[in-house]
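The values are calculated or read from the model by the stated rules, or taken from the named source; none is laboratory data. Since the structure is predicted, the reported quantities are computational estimates derived from the model, not experimental observations. Heads up, the Cβs are rebuilt from the backbone with ideal geometry, glycines too, and the neighbour counts pull from every protein chain shown.
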Amino acid sequence: MKKLLMFLMLLVTVHATTLGINEKLGNMVPLDLEFINEKGEKVTLKKLMDGKPTMISLNYFRCAGICTPQLNDMAKMLSRLDLAENTDYKVLTISFAEDETPELAAAKRKSLLASIQRDYVADAWHFVIGDNNSSAILADKVGFTYEKTVSKAGVVDYVHPAALIMLSPEGKVTRYLNGIEQLPFDVKMALMEAGQGKIGPTIAKNLLYCFAYDPKAKTYIFKWEKIAGAVMTLIMVFFFIYLIRTSRREEDDQQTKGDN
């Protein structure tokens, strides 16, 4: 019985660490990681952060799913954020797709900066792509896990979560804000804590996922991982109930025998 319980718990753990955010609060991200910016220039994470607390979003620029709503909400949130951009904080949107280009990054950046409804210092928000696997390394350091998918038509997409990740000026992971929509006050507090190197608890929100898009069917492919996770959770619940009832039954039987 104990072996079965341990096996089920192992399965749930494996599923939980497959996709999503596996928080690594306090972990250090190497500041010497190199990326390619919107101009096609190589630049280190240290230079991009410029000694400021930094919010990071991991996306890919041709994403047909939640990336666009997330980035649109970021632009809306930044227009209302009560901090001085480029002085109090930096923003980095990092593509983890292997085949994206600086041109895509520049186009996405231009459209989002234009949507901010106030004068905004453009140098505060950069869109970059990986160089020598740097995006994947950073994603691993912050616990952002994703999965590459290829449709029957050969279209490459990614299953991934949506979250903002805060880094201290030294590159320490200090906070996760899950989901697409973020309140300016929550982001302000997270950035201020990051500036002091303080680790903050994750705000309780459902972690949303971007699913693979099927261009022929014009729909999103529901991944089996979520179903498997729900099934495993139910199995665990029912198994614990079974153990409790069995234990109580055995105690009652022992007490009955003792009375006789």
| task | Pick out the one residue from Asp82, Asp131, Asp73 that is among the charged types (D, E, K, R), more than 15 Å from the chain's Cα centre (by Cα), at pLDDT 95 or above and farther than 19 Å from Tyr60 by Cα. | result | Asp82
| Of all residues in the range 76-125, how many are buried (at least 18 other Cβ atoms within 10 Å of the Cβ), more than 20 Å from Lys39 (Cα to Cα) and not hydroxyl-bearing (Ser, Thr, Tyr)? | 5
| remark: By residue number, the members of the range 187-214 that are at pLDDT below 95 and crowded, with 16+ Cβ neighbours inside 10 Å are Gly200, Lys205, Leu208, Tyr209, Cys210, Phe211, Ala212, Tyr213, Asp214
| task | For residues that are part of a helix (DSSP H, G or I), hydrophobic (A, V, I, L, M, F, W, C) and within 12 Å of Asn72 (Cα to Cα), tally how many sit in the range 101-132. | result | 3
| said: Just to verify a result, which residue in the range 133-156, among those that are assigned to a helix (DSSP H, G or I) and among the β-branched types (Val, Ile, Thr), is farthest from Leu83 (Cα to Cα)? | reply: Ile137
| task | Determine, yes or no, whether Lys42 is of a type in the set (Lys, Arg), surrounded by 18 or more Cβ atoms within 10 Å (Cβ to Cβ) and in the same structural domain as Ile199 (by TED's automatic domain parsing). | result | no
| query | From the residues in the range 156-168 that are hydrophobic (A, V, I, L, M, F, W, C) and surrounded by 15 or more Cβ atoms within 10 Å (Cβ to Cβ), which one is modelled with the lowest pLDDT? | reply | Val159
| note | Apart from one, (1) of a type in the set (Gly, Ala, Ser); (2) within 20 Å of Lys172 (Cβ to Cβ); (3) touching a Gly at 6+ places or on another chain (Cβ under 9 Å) all hold for Ser57; the odd one out is (3)
